[in-house]
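Below is one structure, written out as structure tokens, with a few remarks after it.
The values are calculated or read from the model by the stated rules, or taken from the named source; none is laboratory data. Since this is a predicted model, take the numbers as computed values, not measurements. Cβ: placed from backbone, ideal geometry, glycine included. Neighbour counts: every protein chain shown. What goes into the accessible areas is simple: the full protein's heavy atoms, side chains included, and nothing from ligands, DNA or RNA. Shrake-Rupley method; radii C 1.70, N 1.55, O 1.52, S 1.80 Å.
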Amino acid sequence: MIEVIRADITTLAVDAIVNAANESLLGGGGVDGAIHRVAGPELLAACRPLGGCPTGEARITPGFRLPSSWVIHTVGPVWHDGARHEAERLAACYRNSFELALQHGLRSIAFPAISTGVYGYPKRRAATVAMAAMHEYVPRFARIIACCHSAEDLQIYCELLVSD
Ligand code: AR6
């Protein structure tokens, strides 16, 4: 089942929350900063030996002080003009995060709207990519949560959910 909610992703008690990280995996602003703040310094210590993550791929760490057991770190594409494989790379973030969760036997997962903050991906276009990927994985998860930070995102995701 896909659930669309408005929340701070760091408050969700699910098997895994997904972090919209950067290729260094060493923290940043936005949701990345929020996740590191709540998880505590152990998260940075767990990320450091991973040696970064290329755009579109995903890596997993424990959630430490977060209510979620795991954090799946993925790196969304920076939006340029839509002609630089942004959609495929964003879809890869969702798919690789889901695949990593399945490899670890996880059943519930929450995603932020990857790439739609600092990385500038147009919100509706990104939500369309996100929802398509989520639909693909519905049969293999108990809960898939689209975690919206803003009222605008919530509205976009809800519109896409009902138009399916
Ligand atoms: N819970 C849920 N969603 C959130 C939260 C939160 N606590 N905080 C922000 N968002 P962004 P990006 C939403 O900028 O565009 C970082 O510095 C936010 O409203 O966090 O993928 C990384 O280190 C937006 O909808 O990620 C990278 O350098 C969404 O999360 C870079 O930003 C993503 O916004 C990644 O940029």
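The residue among Ala58, Ala45, Trp70 whose Cα reaches farthest toward the positive pole of the charge dipole of the chain, with charges on the beta-carbon of Lys, Arg, Asp and Glu, is Ala45.
Once backbone amide H atoms are built at 1.01 Å from N, Leu25 has Cys53 as its partners under 5 Å, excluding neighbours fewer than 5 places away on the same chain.
Report summary: the helix-based calculation at 222 nm, which adds -39500 (n - 2.57) for every DSSP H run with n ≥ 4 and divides by the residues of the chain, gives -12000 deg cm²/dmol. 3J(HN,Hα) along segment 69-86: 5, 10, 10, 9, 9, 10, 10, x, x, 6, 6, 10, 9, x, 9, 10, 6, 4 Hz, from the Karplus curve 6.51 cos²θ - 1.76 cosθ + 1.60 with θ = phi - 60°, whole Hz, x for Gly and Pro. Annotation: the antiparallel percentage among DSSP beta bridges lying fully within segment 49-164 is about 55. Amide H contacts under 5 Å for Val14: Ser68, Ser69, restricted to partners 5 or more places along the chain or on a different chain, H placed in the peptide plane at 1.01 Å from N. When only the Cβ of Lys, Arg, Asp and Glu is charged (+1, +1, -1, -1), the dipole of the chain relative to its Cα centre reaches about 240 debye.
Just checking the listed ones, Ala87, Ala20, Ala110: in the Gaussian network model of the chain with Cα springs under 10 Å, the one fluctuating most is Ala87. Accessible-area rank, largest first, for Met1, Met134: Met1, Met134, with all protein chains present and a 1.4 angstrom probe. Take the chain with all the other protein chains still there, run a 1.4 Å probe, and you get 45 Å² of accessible area per residue.
Taking θ as phi - 60° and the Karplus parameters 6.51, -1.76 and 1.60, the scalar couplings of segment 126-141 work out to 5, 5, 5, 5, 4, 5, 4, 5, 4, 4, 4, 9, 3, x, 9, 10 Hz in sequence order, x denoting glycine and proline.
The separation of segment 139-164 from segment 53-85, counted between C-alpha centres, amounts to 18 Å. Backbone amide hydrogens, once placed in the peptide plane, bring Cys148 within less than 5 Å of Ile5, Arg6, Ala7, excluding anything fewer than 5 places away on its chain.
Once Rh is set to the Kirkwood radius over Cα pairs, what Stokes-Einstein translational diffusion coefficient, in µm²/s, holds for the chain at a temperature of 4 °C and a viscosity of 1.567 mPa s? For the chosen part, D equals 84 µm²/s.
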